[in-house]
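Right, one structure below, let's go through it.
The values are calculated or read from the model by the stated rules, or taken from the named source; none is laboratory data. Note that this is a predicted model, so its numbers are computed, not measured. FYI the Cβ positions are ideal-geometry reconstructions off the backbone, even for glycines, and counts take in every protein chain you see. All accessible areas refer to the heavy atoms of the entire protein, side chains included, with ligands and DNA or RNA removed. Shrake-Rupley method; radii C 1.70, N 1.55, O 1.52, S 1.80 Å.
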Amino acid sequence: MQTTSGNQAKMTKRSGLRFCHFGTARPRRLWALKRSWIYIYIAFTFTWRMSGLFNVRQEHDFYSLTCLMKEGLHAVLQTSINTSIVLPEKLSAEHYKSVETQVNKDLEMQAFAGLVFASLRRSLDISEEEYHRSLFSEGCYVRFISNSKGKADFYLTNDKRFFLKTQHMREVMFFLSNLKAYMDHLKKYPHSLMVRFLGLYSIKIPNKTKKYFIVMQNVFYPDERINTRYDIKGCEVGRWTDPASKVTILKDNNFEGKHIILDQQRSWLVNQVEIDSAFLSSLNVLDYSILLAHQPLQHDELDRKHPISSQTMVTMISANTTLKGPSPVARLDVDSAQRASDIMSRGSDHIQDTKGNFDHGVPLGSVNGTQLRGFHANRRRLLPNFTNSVHVIDGPKLRYFVGIVDFFTVYGVRKKKEHLWKSLRFPGRAFSTVSPATYSQRFCQWVKDHTK
């Protein structure tokens, strides 16, 4: 009996253990899952904060402003979508001077040179619906904390495709006065490294100062694999960032000892930087920068580097768009050689992709050397066929993101005084405030010295 009682006690005890274990297994699994998500969130937040990115939430000082910006942009862009605007064959002087005003309750929103920027978006194969969707997404904007000395505020759309940057009124007036020259430059050099501005707006709130802001492409899009970014001006004074700081936008002195390895693409990059900086010098501006980042090419991206005979030079044109404007920039279709052979076998230069778009192009295998030399002589290059391709250059092992930004600083009286003061303060050293011609020359020299 004692044995039986003992066995029963052991069974009861074991049963209790099993019951206890069964009762806590589910909470433990839930806690482990929750803990893993917490780790992911912390890592994601840390990565964003190290990149200077912060979600603009309700407790943020700029939350109400960004909400009003989104509301105003929605009103302006929805009007153009509803009316199915048709771009003119040629932009007139009136188009560059036009101002469209939308009043919603107490909010006044203005869009400057709307058709001009719509034509530029069209040339980049950005539809009005796509542009509106990105700017008016449900998620909050992301604030970018810059370590530049300027007072502008930077915001990213939730998908991180476009930047919104506040501008001083004098910068806006300067840009509008040179907008035609900017558009002409991009038309002449469609693969220019200068950042593409996609819209210029102002917002007026009662009892508040009018805010001007500009929408531009994010040079570093897509940025999932980018972990280091540089802002390069080609000088040394004040051009160092502590890598351990919260905002890791590194500068010129951080890049010393490194190189941009492009091989065959190097000459194109050097030439295009010379062309773009010469244009900026003609506008009497300085203090612009090259934004630079890189990421390793993955195996599938390396595998798609086919011989030239299997590649196709194409431009993307939407099949159902009603907009007319500048021709889209030439891109490189990196699909397989079969795609090029299919075009030739059908005797057509039109192929349709899964999104209903048509590629208009010619297989490069059928282009002779003289035509290719003419292509490069016109300062064009073969672009990878994906979003933001203008700012992407592939080297042998790395993909580089390159763009010229911040070209609204005019070399006027104030900057000339600053140049004199810095000459006395930093004798014999390279600082940013110099004449546009000197700035351009030094800017180009930096690119030559740091590329291979």
Taking segment 167-223 and keeping only residues that are of a type in the set (D, E, K, R), over 20 Å from Ile275 (Cβ atoms) and more than 21 Å from the chain's Cα centre (by Cα), one is left with Arg170, Lys204, Lys208, Lys210, Lys211
Please return the ranges of strands (runs of 3 or more DSSP E) entirely within segment 207-285 where 2 or more residues are touching a residue at least 60 places away in the same chain (Cβ under 8 Å). 211-217, 229-232
Counting only residues that are of a type in the set (Asp, Glu) and crowded, with 20+ Cβ neighbours inside 10 Å, which one in segment 247-300 is farthest from Leu179 (Cα to Cα)? Asp252
Looking only at segment 408-434, which residues are assigned to a loop (DSSP other than H, G, I, E, B) and either of a type outside the set (Ser, Thr, Tyr) or open to solvent by 40 Å² or more (accessible area, probe 1.4 Å) (or both)? Phe408, Gly412, Phe426, Pro427, Gly428, Arg429, Ala430, Phe431, Val434
Every residue in segment 190-207 that is of a type in the set (Ser, Thr, Tyr) and either buried (at least 20 other Cβ atoms within 10 Å of the Cβ) or out of contact with any Lys or Arg (no Cβ under 6 Å at 6 or more places or on another chain) (or both), please. Ser192, Tyr201
Would you mention how many residues in segment 208-246 are farther than 15 Å from Ala293 by Cα, β-branched (Val, Ile, Thr) and open to solvent by 20 Å² or more (accessible area, probe 1.4 Å)? 2
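Okay, residues lined up against (1) within 19 Å of Phe220 (Cα to Cα); (2) over 19 Å from the mean Cα position of the chain (by Cα); (3) at pLDDT 95 or above; (4) of a type in the set (Ser, Thr, Tyr):
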residue	(1), (2), (3), (4)
Arg239	no, yes, no, no
Leu269	yes, no, yes, no
Ala278	no, yes, yes, no
Pro296	yes, no, no, no
His306	no, yes, no, no
Thr312	no, yes, no, yes
Ile317	no, yes, no, no
Leu323	no, yes, no, no
Arg331	yes, no, no, no
Counting residues that are open to solvent by 50 Å² or more (accessible area, probe 1.4 Å), which helices (runs of 4 or more DSSP H) fully inside segment 90-189 reach at least 3? 93-97, 169-177, 179-188
